[in-house]
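Down below is the structure, laid out as structure tokens.
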Amino acid sequence: MSLTEARFHDLVDATQQALEDLFDESDLDLDLENSAGVLTIKFENGSQLIFSRQEPLRQLWLADKSGGFHFDFDEESKKWTCEKTEELLGEMLERIVWERAGEKLDFDEI
């Protein structure tokens, strides 16, 4: 079953807010910017993560220097899952943040 437009926007908004809160509460030196539904996280070393919503596809997209990843929301698990690798968004973010900033953050709730 496909997500409704309203549910999709609610899910992306909640996910982006949870990410902002998690990064704000961390000890990482980074800049956060949320503008027009695009969340950008800039690390001290210059690398960045960009989260954007793709409304027509009902996907959350993540851009990172390692590539672009498209996530679908799985209603059963209540988690965003990568379309190609089936990796959960939280798992991918744990790995990426460790690679970019050398810090382990807990993304279990994402």
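The values are calculated or read from the model by the stated rules, or taken from the named source; none is laboratory data. Remember, predicted model here, so these are calculated numbers, not experimental data. Neighbour counts run over all protein chains shown; Cβ positions are idealised from the backbone, glycine included.
Within region 39-51, can you find the residues that are in a loop (DSSP other than H, G, I, E, B) and in contact (Cβ under 8 Å) with a residue 12 or more places away in the chain?
Correct list: 44, 45, 47.
Here's the yes/no breakdown for (1) touching a Lys or Arg at 6+ places or on another chain (Cβ under 9 Å); (2) assigned to a helix (DSSP H, G or I):
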| site | (1), (2) |
| --- | --- |
| 6 | no, yes |
| 16 | yes, yes |
| 53 | no, no |
| 60 | yes, no |
| 80 | no, no |
| 85 | no, no |
| 105 | no, no |
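Can you find even one residue in region 37-56 that is among the hydrophobic types (A, V, I, L, M, F, W, C) and exposed (fewer than 14 other Cβ atoms within 10 Å of the Cβ)?
The answer is no; no qualifying residue exists.
Please work out if residue 8 is surrounded by 12 or more Cβ atoms within 10 Å (Cβ to Cβ), more than 19 Å from residue 104 (Cα to Cα) and aromatic (Phe, Trp, Tyr).
Yes: the conditions hold for residue 8.
Conditions: (1) free of Cβ contacts under 8 Å to residues at least 40 places away in the same chain; (2) closer than 24 Å to residue 102 by Cα; (3) not in a helix (DSSP H, G or I). Residue 71 meets all but one. Number of the miss?
Here residue 71 clears every test but (2).
State whether one or more residues within region 29-38 are touching a Ser or Thr at 6+ places or on another chain (Cβ under 7 Å), over 16 Å from residue 110 (Cα atoms), without any contact (Cβ under 8 Å) to a residue 24 or more places away in the chain and outside any loop (DSSP other than H, G, I, E, B).
The answer is yes; a qualifying residue exists.
Could you check how many residues of region 87-103 are modelled with pLDDT of 95 or more, in contact with a helix residue (DSSP H, G or I) (Cβ under 8 Å, 6 or more places away or on another chain) and not in a helix (DSSP H, G or I)?
Of the residues in region 87-103, 0 are modelled with pLDDT of 95 or more, in contact with a helix residue (DSSP H, G or I) (Cβ under 8 Å, 6 or more places away or on another chain) and not in a helix (DSSP H, G or I).
Being charged (D, E, K, R) and within 14 Å of residue 105 (Cβ to Cβ) is the filter; apply it to region 11-28 and report the residue that is surrounded by the fewest Cβ atoms within 10 Å (Cβ to Cβ).
The residue in question is 27.
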